[in-house]
Amino acid sequence: EADLRQRAAEVLDANWERDHTVPSRALYPHQWSWDAAFIAVGLAHHAPERAWWDLRSLFAAQWADGRVPHIVFDPNVSERDYFPGPAFWDAPPVPGRLAGLTTGIVQPPVHAVAAWEVYRRATDRPAARAELTWLYPRLVRQQEYLFGARDVGGAGLASIVHPWESGLDNSPAWDRALAAVPADLSLLRRHRRQDTNVADSSHRPTDTDYARYIALAAAYRDSGYADAGLAQRHLFLVECPAFNAILGAAEHALADIAEVVGADPAPHRDRAEHITKALLDRLLDPATGMFHARDVRTGELTPARCVSGLLPLILPGLPEDRVAALLAEAGSGRFGYAGPPVPSYDRTAPDFDRLRYWRGPVWINVNWLLWRGLRTHGHAAAAGTLRTAMLDVIRRGGCYEYFDPIDGAGIGAAAFSWTAALALDLLA
Ligand code: DGY
């Protein structure tokens, strides 16, 4: 245990850059939004001042409309080292931030949960309270943006406008909705991928995926990143169960934070309840017992069973029978974790791919969320088994970005920050 703790801390130290942590030196050389949240959870055990710093750097780049960009670019990193970089996104500069550039899309809002975790662990409470006081109104605006401007479906859930916004980039959950987006491979001649120079291409999204990612990002950019009229104009609008479960969990965390900073927790509790109810009404398929992504343009639920459909387990307000159904699914041959933890996709699906990013591999961040969900609903034994499974793959494979769900081998980036960070949290 001491050895893993040491290795994980070294990964976080090596990936620290001035005022933020990079997810990976090789593959992701800037600051990523949901990565920053998971990283802060781990830094709370190792270097709490850096945990706050990471969150502050990210929220210093928040847009006036409340959106928190999915990448904050480091001006010292060459445009050649990551695609799509600042020139592609062409986003308005962040006021007050020297050469501060960002993307214009978002990622799951795990930050309130992270901020609460960092606060809970703090030994210097007054300093931590000051950090929370700075963050609270910003976290609130982030939420308001998501259930306001992004409520394209009109039911109180946020829609994502790009697979990258889910953080689960090439999840089979998007396959049907993405089929509506033309895949123009000539875009890849003009815009060179960088990820496949540093990672094995069979472990990454395909070129067809990338052509669609570029087309969608360009369309949103060319509309000035406007959200009005998305329903009429945009080709990809999806309500993701994981994104929205996290949106709900953020309201629970904000209720706790509100009490510390002297704000009213009640509206946050109401909002969390509202989101939980909307998830049950709109994204639950009683036939599978799981939650499924909804294509807002067609009203269809994707048939794919993905780990995102288990994540509503993190909501404390989920009814008992729903919890039981999710547990049954998580323990089934599709997601069961006798060996490696929960895979990102149904192991029995014909297109399950043990190597390709979110189409099969095990990811620690979603497993960490499930582990919290299990504890929230009083399933301590199942949580303990999942924790052991996570620590086992990390101990054996290293702090990899993701893991082979069959043999537990590490894949993707080797020194990946959120794996290291969440290992520290699991060991605490
Ligand atoms: C990437 O670069 O692959 C990220 O997942 C997109 O944000």
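Rule-based calculations on the coordinates, nothing more; no lab input. Predicted, not measured: the structure shown is a model, and the values here were computed from it. Positions of Cβ are backbone-derived with ideal geometry, glycine not excepted, and every protein chain shown enters the neighbour counts.
Data table
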{"quantity": "q = 0.06, 0.09, 0.10 Å⁻¹: log10 I(q)/I(0) that the Debye formula gives for the chain, counting C-alpha atoms only", "calculated": "-0.21, -0.49, -0.62"}
{"quantity": "Virtual spin-label span in nm between Ala14 and Thr288, 7 Å along Cα→Cβ", "calculated": "3.8"}
{"quantity": "Gyration tensor (alpha-carbon) shape descriptor, region 46-178, a/c threshold 1.5", "calculated": "oblate"}
{"quantity": "Along each principal axis, Cα extent of region 316-428, largest first, Å", "calculated": "39, 38, 20"}
{"quantity": "Computed over region 232-390, the ratio Rg/Rh where both radii use C-alpha atoms and Rh is Kirkwood", "calculated": "0.99"}
{"quantity": "Most mobile listed residue (Val41, Val72, Val181) in the chain, GNM with C-alpha springs under 10 Å", "calculated": "Val181"}
{"quantity": "Extension reserve of the Arg25-Ser332 stretch, reckoned as 0.36 nm per residue once the Cα distance is removed", "calculated": "106.9 nm"}
{"quantity": "Net dipole in debye of the chain [+1 Lys, Arg Cβ; -1 Asp, Glu Cβ; about Cα centre; nearest 20]", "calculated": "160"}
{"quantity": "Distance between modelled label sites at Gln232 and Arg7, nm, 7 Å Cα→Cβ extension", "calculated": "5.6"}
{"quantity": "Mean residue ellipticity (222 nm) of the chain, computed from DSSP H runs ≥ 4 via -39,500 (n - 2.57), nearest 500", "calculated": "-14500 deg cm²/dmol"}
{"quantity": "Separation of alpha-carbon centers, region 339-375 and region 1-47, rounded to whole Å", "calculated": "22"}
{"quantity": "Sorted by Cβ neighbour density within 10 Å, fewest at the top, the residues Ser308, Ser344, Ser171", "calculated": "Ser171, Ser344, Ser308"}
{"quantity": "Nearest-0.05 FRET efficiency for Ala64 and Ile406, computed from C-beta distance (R0 35 Å)", "calculated": "0.15"}
{"quantity": "Over region 81-132, volume per residue of the alpha carbon convex hull, in Å³", "calculated": "141"}
{"quantity": "Added length on full extension, which subtracts the Cα-Cα distance from 0.36 nm per residue, Ser223 to Ala324", "calculated": "32.0 nm"}
{"quantity": "Mean-position separation - Cα centroids, region 185-248 and region 269-318, in angstrom", "calculated": "22"}
{"quantity": "Gain on full stretching of the segment that runs from Asp281 to Arg193 - 0.36 nm per residue minus C-alpha separation", "calculated": "27.8 nm"}
{"quantity": "Three-way shape call for region 274-341 based on the alpha-carbon gyration tensor, with the a/c threshold at 1.5", "calculated": "oblate"}
{"quantity": "For Ile394, net neighbour charge (Lys/Arg +1, Asp/Glu -1) across residues whose Cβ lies under 15 Å away", "calculated": "-3"}
{"quantity": "Simple label model, 7 Å out from Cα along Cβ direction - Glu259 to Asp124, nm", "calculated": "2.5"}
{"quantity": "Region 220-303: C-alpha gyration tensor shape, a/c 1.5 cut-off, then a/b vs b/c", "calculated": "oblate"}
